[in-house]
Structure formats: structure tokens, C-alpha cells
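> Before anything else, here's the structure in question.
The values are calculated or read from the model by the stated rules, or taken from the named source; none is laboratory data. The model shown is predicted, which means the values in this text are computed figures rather than measured ones. No Cβ is skipped: glycine too gets one built from the backbone with ideal geometry, and neighbour counts run over all protein chains shown.
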Amino acid sequence: MLEKLLLWLAVFLLVLVVSVSHWEIAWAMVLITASAALALGELYSQYKADKEYRRDLEAALLIGRY
């Protein structure tokens, strides 16, 4: 799922940079979109880690998740 999202994001950025005539705006949008993609990736990895720790209560207690 995350791979598809990143692929769509890359296509969007490519179309944006090619189609926009004002390069400053294009690069600002690229940076904003890349930051959002990194934030989403971090949230997704945290979600997966929390989901894994719910299955293994002993490990969660050892590292202080609960």
C-alpha cells in the first residue's frame, strides 16, 4: 500500500515539475509533498510497530510501550 502511494506521489511530482512554469512554486510544492510523504511513512511505521507490540505484551512492557 505504501509503495503504491509513493509511486503516485512520484508521478504527481514529475507532472507538477514539468507542467508548472514558475519553478520556485514547483520546488516549494515538491518539498512540501516530500515532507508530507516522509511524515506519512513515519506514522505508518509507528503504526506497524505498535500493532506488533500489541501482540507481544512482554516485549512491549520491556521497552516501556505500555
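> Just to verify a result, which residue in region 16-25, among those that are part of a helix (DSSP H, G or I), β-branched (Val, Ile, Thr) and at pLDDT below 75, is surrounded by the fewest Cβ atoms within 10 Å (Cβ to Cβ)?
The extreme case among them is 18.
> Further question: Would you please list the contacts, defined by Cβ atoms under 6 Å and residues six or more apart or on different chains, that run from a residue in region 39-66 that is among the aromatic types (Phe, Trp, Tyr) to a residue that is in a helix (DSSP H, G or I) and modelled with pLDDT of 75 or more?
Every condition considered, no pair remains.
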